[in-house]
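Right, one structure below, let's go through it.
Every read-out reported here was derived from the displayed coordinates using simple, explicitly stated rules and does not represent laboratory data. Keep in mind that what you see is a predicted model, and the values were worked out from it rather than measured.
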Amino acid sequence: MEQGNTEHKEHSHGYGLYVLVWLGLIALTSITVTVAGVDFGNIALPIALFIAAIKSGLVINYFMHIKFEEPIFKVFLLLSGMTLLVIFILTFFDVFYR
Amino acid sequence: MSQSDSAAIGHVHRDDIGAKMGMWVFLFTEVLLFGGMFLVYAVYRFQHPELFKLAAFELNTALGTFNTIVLLTSSLTMVLAIVAIQKNKKKLSLFYLASTVGFALVFMAVKYFEWTAKFSHGIYPGSDELLSRQNGEILFFGLYFIMTGLHALHVIIGVIIILFLYVFVKRGKVTHDNYVKLENGGLYWHLVDLIWIFLFPLFYLIH
């Protein structure tokens, strides 16, 4: 790849990589549906969210191309993710200890 | 590299990274918009765990799963449309864009049947049937309608964006060395998919 110009960097990913990611997403969907049928009690929600997090990781990294993007995009993503996390944590402190 | 060549010939100022950055900033505002709703959902589910479970039984898991697969597949065809244009295969790219719209319409059709089924059972915001129930169930369905409704609105906007992109590709405004519009449209479409990835287990898979 060339040095920091502002044009696209070439990524010669073929169709194959994305089809694989899609297969992974479909597999995870069937896993989460199957797991929901089993009574895991209190950890059912964490399991469902964990699988959703893996799926979004795949979508963000491959379909949204973050894995191959400039580092600044990862900083952006981290910043917004952290903002949301802080809002959730602070709200839950309020809800739990009210 | 073909891209620096064309930039040298065209002498057109372009900042693709800047364009994508702008798109990402917009996507973060979307994340915060839905994030606020997910927060409301989290608090109310924490307060009414049993009633949320009870209400969720009324949603059709099979239709939800089907729609999840439809939306994931539409995300695939969207990204393949970009790969096709990168390889300068215009017709193939147009085919993938049309497929993406097709899947989006299937998603909306399923949503239509889901919602009308709920309406025919008298379940819609403010209905007598719903208001006669306990608070947790009212909250569940309120959140269900507003969150999947706002998501469906995003699907409709996404379809409009993809139709514009289709025209751009067709008229040669988006080409193998200038496809940042297609990438940004794709980012929007994947965000719609991303939100559904969380909506699906939170509404359809509580057992």
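At a glance:
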| read-out | value |
| --- | --- |
| The range A:6-76: mean projected area of Cα convex hull, nm² | 5.9 nm² |
| The range B:145-207 and the range A:50-98: distance between their alpha carbon centers, rounded to Å | 19 Å |
| Distance histogram for chain B (every C-alpha pair counted, 5 angstrom bins, percent rounded to whole numbers) | 1, 7, 14, 16, 16, 13, 10, 8, 6, 4, 3, 2, 1, 0 |
| Principal axis dimensions, largest first and in whole angstrom, of the range A:52-98 by Cα | 44, 23, 9 |
| Members of A:67/B:118; B:118/B:181; A:55/B:118; A:67/B:173; A:74/B:118; A:74/B:53 lying beyond 31 Å, as alpha-carbon distances in this model show | A:67/B:118; B:118/B:181; A:74/B:118; A:74/B:53 |
| Over the protein assembly as shown, volume per residue of the alpha carbon convex hull, in Å³ | 130 Å³ |
| Mean separation of Cα contacts under 8 Å (6+ apart) over length of chain B, as relative contact order % | 34 percent |
| Compactness of the range B:18-84 - radius of gyration and Dmax, Cα, Å | 17.2, 49 |
